[in-house]
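Take a look at the structure set out below.
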Amino acid sequence: MDEINLWRTLDRVSGSPPVRTPPQPTKVDPGQFARILQEEMEGLRFSQHAQVRLASGQVQLSPEDMGKIQAAVDLVARKGSRDSLILYRDLALVVSVRNKTVITAVSGERRKENVFTNIDSTVIVE
C-alpha cells in the first residue's frame, strides 16, 4: 500500500489515521567503524592463495613494488575494471579491483603456462 493510501486508511477503532513511528538510526559500533575505515584506507590485500603462491616462488615485494602495483590497481579502478591481470616484472597478478585483493599470483616460468580468464583488463607495469 503506498503512503497516500496508508494515510487515507482510518483505524477502525479510533477513526484516526494510523500513527507512524520514524525509522530509528542504525547504531554502529565505533570499533567496527574504525576497522572498516582502516581497511578502506589500506592498500592492496593478498588472498591466502596468492600469499602461498608468492611464498612458493620465493617472491618478496618491496614497498616500491607494492606502490607500483597499487598505482596500477588504482588506474584500472578509475577505468571501471572489475578484475584485472597485472604484469609486473616476472609476476602475473590477478586482482579483484573492487575488493583491492590479489586473488592469485604466478611467477617465473609458470606464468607462461597459464591461461588467465574472467579478467576485463590487463596492465603492464614498468
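Quick notes
- Sorting Ser84, Ser56, Ser96 by the number of Cβ atoms found within 10 Å of their own Cβ, with the fewest placed first, yields Ser56, Ser96, Ser84.
- Proxy reagent accessibility, fewest Cβ within 10 Å first, across Thr104, Thr122, Thr117: Thr117, Thr122, Thr104
- Simple label model, 7 Å out from Cα along Cβ direction - Asp90 to Gln48, nm: 2.9 nm
Here, each number is a calculation from the coordinates, and none is a lab measurement. Small disclaimer: the values here were computed from a predicted structure and weren't measured. So basically every Cβ, Gly included, is an ideal-geometry build from the backbone, and we count neighbours across all protein chains shown.
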